[in-house]
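The values are calculated or read from the model by the stated rules, or taken from the named source; none is laboratory data. Remember, it's a predicted structure, so these values are computed and weren't measured experimentally. Every residue, glycine as well, gets a Cβ built from its backbone with ideal geometry; the counts of neighbours run over all protein chains shown. Note: areas computed on protein heavy atoms with side chains; ligands, DNA, RNA excluded. Shrake-Rupley method; radii C 1.70, N 1.55, O 1.52, S 1.80 Å.
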Amino acid sequence: MPALRPRLARSRRASPVPGQRLPGLHVLRRGVIPRALTRLAVWLLVTGVVPGAVGAGIYRWHEDGVVHYGDRPPAGAEAVGESASEMPRKIEVARVIDGDTVALADGRRVRIIGIDAPEVARRGTPGEAGGLAASRFLQQLLDGVPVTVETGATARDDYDRLLAYLALPGGDDVGERMLRAGQAMVSAHPDNMQRIARYFAAEAIARSAARGLWRHDAYRPRPARDAMRFRNSYRQLQGRVADVRVGGSGAEIRLEAGLQLRVTEALLPRFDAERLRGLTGRRVLARGTVRQRDGSPVIRLRDPAQLTVR
C-alpha cells in the first residue's frame, strides 16, 4: 500500500520571537502550541499509546511549502523545543490488513513506517503483483506473537492510522524483515530517515537475490520514457541524464525521456552535490513512486540509494 504523507509531526511547544505568529499555529494564553499537539495530547490520553523513544530535541522544517515538526529531522531543520524520553509498548496483532498495515488487539490500525508493500485486491480493484504474498508473509511473521510498537516522529497519517515501527519479541525489526525477504520496498520520508540506511541495505539484498516481489516483471527496470504509464506506483526507471540543476532550492535531474528526479532543499545535504552535477550524459536507474508535476512524471529522491549510475 503506498505510504501516505503524514499531516504533522509530533510536536512540542515552540519559542518564537515575541509577537510573531507562526504558520499552522494558534496563540494560547501562555504561549504558542501547534494545533496538532492538542489533537495528539487528547488522543494519547484516550488511547494510552506510549510513543517511542525520541531524539535530542524537537525540530521544525519545511518541505513543499508544508511546516513539519518532529524529533527526527532532516538536515537543516531548526531546533524549537526540548526532548522527551518514553518507552514503547507491546501488544498482539489482531489482523493483517495488507503487507504494510495491521490492526492491533485494541482496535488501532498501524501503518508500518519505512516500507511500502504492493496493494492487495479490495472493493473491486485488482491487487498489485506480489501484494497477496506480502500480506501472507506478514501474517506468518506476526501470528500469535506480541510486538513492540514504537511510534515515529509523526503520530498519524491522513487515514488516522498510527505510524509506527514494529519489533518482534527477539527484537527483529518487522519492516526490515519484510524488506530482506523481498516482500516490500523502502518508503522514505523526511521524518523517518533514522533507519533508512539499514532499510535500503535490506532491500538491496532482496533485489539482488530476486526474492519475493523482485521476481515479478512489474518491478524490473523499465525505460524512463514509460514513466507516465506507471503514475502513482513504485517503479525502477532508467534513462540518460539530459540536464542537472543543483542550487539553493534543491536539485533537479532531467532525463532525456522527460522523467524528472527531484531532491528537496532539506534533503540535499544527504547527497553529494558534485556527483549529481556530474551525471549529465550518464545513464542512471531511479527507484521510487512515480508522481506527476506540471504534466511531467517525477520521482522524489530522498536518499542516494534510490539512484544508481549504470
Original post:
For Arg109, which of the numbered conditions (1) open to solvent by less than 40 Å² (accessible area, probe 1.4 Å); (2) at pLDDT 95 or above fails to hold?
Top reply: (1)
Subject >> Any strands (runs of 3 or more DSSP E) falling wholly within the stretch 216-310 and containing at least 3 residues that are closer than 23 Å to Ala202 by Cβ >> reply: 234-247, 283-293, 307-309
Subject >> Residue that is most open to solvent (accessible area, probe 1.4 Å), among those in the stretch 286-307 that are of a type outside the set (Asp, Glu) and more than 20 Å from the chain's Cα centre (by Cα) >> reply: Gly295
Subject >> Single match in Glu274, Glu252, Glu265 (criterion: over 18 Å from Gly182 (Cα atoms), open to solvent by less than 70 Å² (accessible area, probe 1.4 Å) and among the acidic types (Asp, Glu)) >> reply: Glu252
**OP:** Could you grab the pairs with beta carbons closer than 6 Å, sequence gap of 6+ or different chains, first residue in the stretch 242-255 and in contact (Cβ under 8 Å) with a residue 24 or more places away in the chain, second one of a type in the set (D, E, K, R) and assigned to a strand (DSSP E or B)?
**Re:** Ala242/Arg254; Asp243/Arg254
**OP:** Please go through the stretch 201-222 and pick out each residue that is of a type outside the set (A, V, I, L, M, F, W, C) and open to solvent by 40 Å² or more (accessible area, probe 1.4 Å).
**Re:** Arg207, Ser208, Arg211, Arg215, His216, Asp217, Arg220, Pro221, Arg222
Original post:
Only one residue in Arg108, Arg123 is farther than 28 Å from Asp303 by Cα and touching a residue at least 60 places away in the same chain (Cβ under 8 Å), so which one is that?
Top reply: Arg108
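Go through the stretch 131-149 and report how many residues are among the aliphatic types (A, V, I, L, M) and either at pLDDT below 95 or more than 15 Å from Gly99 (Cβ to Cβ) (or both).
3
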